[in-house]
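Written below as structure tokens is the structure these notes are about.
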Amino acid sequence: MESKEVAVLEKKVMPLIEAANSYHIGTKDDMTDATVLLSKLGTYYDSVVTAREKVTKPLNAALAAARDMFNPIEKPAKAAIDGLRSRISEYQTAEMRRVKEAEAKLAERVKEGKGNLTLETATRKAAELDKPDASINTESGSLKFRTSQKLLVTDEALVPREFLVVDERLLLAALKEGRKVPGAELEDVQIPVNSR
């Protein structure tokens, strides 16, 4: 469709749009007039949709053909990337959890008495823990992690009734607001961010 045809159509439709936007219905006669206006506007709307589809249908068909051409490669590649990201995330999250648990055990032992640790010794031992890399750089790309919080229901029986059937979206929002909710907690999950 030529831009001149669009301009002609627009010139006819715009006054009807303006009239419809400001039209007040207070009587039966107004209802009749509104019906006429609606019918005219609907007819022009159908013309606009038909004209648009005359342009977009061939484009959409070409787009669908391009998708069909690349889907046999794109879909399995995306699934492989997602699977690998998931396994990287699981490993990094487990390693971060391991370090956090080791640090907590050291912190529990900071007190006076035999078999316990001084603050300095606990700090030194925490610094010596084997920690996962925060980023990985290779010739083909790099990887770093950002922390994302994921809901982890630790004991559904302890979750207050207001959250049952556990509304994970509501529960997650409450936890993120800082509310203490028995039976649930936020878990930090490491999300890989890849750049090339």
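Every read-out reported here was derived from the displayed coordinates using simple, explicitly stated rules and does not represent laboratory data. Just so it is clear, the model here is predicted, and its values are computed rather than measured. Here Cβ is always computed from backbone atoms with ideal geometry, including for glycine, and neighbour counts include all displayed protein chains.
For the reader, a short list of remarks on this structure follows.
- Choice from T93, T35, T147 with maximal GNM fluctuation in the chain (Cα, 10 Å cutoff): T35
- Residue with peak Gaussian network fluctuation, the chain [Cα springs, cutoff 10 Å], from A174, A79, A20: A20
- For the range 107-193, lysine pairs separated by 8 or more sequence positions, or belonging to different chains, with Cα-Cα distances below 21 Å total 5.
- Farthest towards the positive end of the charge dipole of the chain, among the residues L151, T138, L37, is the Cα of T138, using unit charges on the Cβ of Lys, Arg, Asp and Glu.
- Projecting label points 7 angstrom from Cα along Cα→Cβ for E168 and R85 puts them 1.7 nm apart.
- Inter-label distance, nm, simple model (7 Å from Cα along the C-beta direction), I73/K40: 5.5 nm
- Considering helices alone, the calculated mean residue ellipticity of the chain at 222 nm is -22000 deg cm²/dmol, with DSSP H runs of length four and up weighted by -39500 (n - 2.57) and normalised per residue.
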